Amino acid sequence: MKTIFVESEFDEEVVNQIISEVDDYVYNQGDSDGVVVRLYIESEGGHLKEVVKLAHYINHLLPDNVVIEMYANHYIQSSALLLFLMVDCYTEVLPTTWGMIHEASRSLDVKHQSRARTYENFLKSELDFINSRVFKLIEKCGVSPEKIDHIKDGYDVFFNTEELIEIIEKSKGIDGYEFFY
């Protein structure tokens, strides 16, 4: 069994490292039955694009003999929580774990303001698309309309351990990954 601890935001480097470690381990195990990889995740979220890439890898690119287990450890925020809603594998929320979700960021981090104006409409439409997908996914997973409206109003919405378990369990009946493709 391979254990990987993720204690940072999901960015390209972190996701590529996870995939590389899993690939190396799977390769070294060969055709063994029941190759188990455990991911313990304590994350403030990160880039949704990278989380979608990791979900695709877990759901579609691993050999049949590989079992992925994911554990929410202490806290999972934004895209880290969405990862738990997108994967088709064993998931568990450890005691005292909490979660948070918010609307995708609308801030522009562009060095030249003239470029920011050029991309502003494009970025707004992209963020609107992403947020609409996130809202549809969390609604399907049982997040109340009141909480979704709170997120749409720009607030962070928090979930206790029991709420996280319920939301993640409801995601097992849908294909959360497909909301982004």
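What to note about this one:
- Theoretical ellipticity at 222 nm over the chain - DSSP helices of four or more residues, -39500 (n - 2.57) apiece, nearest 500: -14500 deg cm²/dmol
- Alpha carbon convex hull of the chain, projected area averaged over orientations, nm²: 10.9
- The GluC sites (Glu not before Pro) of the stretch 10-62 that DSSP puts in a loop, and whose beta carbon has at most 15 other beta carbons within 10 Å, are Glu44.
- Hz values of 3J(HN,Hα) by residue in the stretch 140-154 - Karplus curve (6.51, -1.76, 1.60), Gly and Pro given as x: 4, 8, x, 6, 5, x, 5, 5, 5, 4, 4, 5, 4, 7, x
- Exposure here means at most 15 other Cβ atoms within 10 Å; with trypsin sites (Lys or Arg not before Pro) in a DSSP loop as sites, the longest stretch of the chain lacking them is 1-105.
- Positive-pole candidate from Thr3, Asn16, His47, dipole of the stretch 2-180, charges at beta carbon: His47
- Summarising the amide proton neighbourhood of Glu9: residues at separation of 5 or more, or on other chains, whose placed amide H is nearer than 5 Å comprise Glu44.
- In this Cβ point-charge picture (+1 for Lys and Arg, -1 for Asp and Glu), the chain has a dipole of about 660 debye about its Cα centre.
- Sequence-distant residues sharing a close amide H with Lys172 (under 5 Å, placed H): none
- The length gained on full extension between Asp11 and Lys152, counted as 0.36 nm times the residue separation minus their Cα-Cα distance, comes to 48.3 nm.
All of the numbers you see were taken from the coordinates with simple rules; none came from a lab. Just so you know, these numbers come straight off a predicted model, no measurement behind them. Neighbour counts are summed over all protein chains in view; Cβ atoms, including those assigned to glycine, are modelled from backbone coordinates with ideal geometry.
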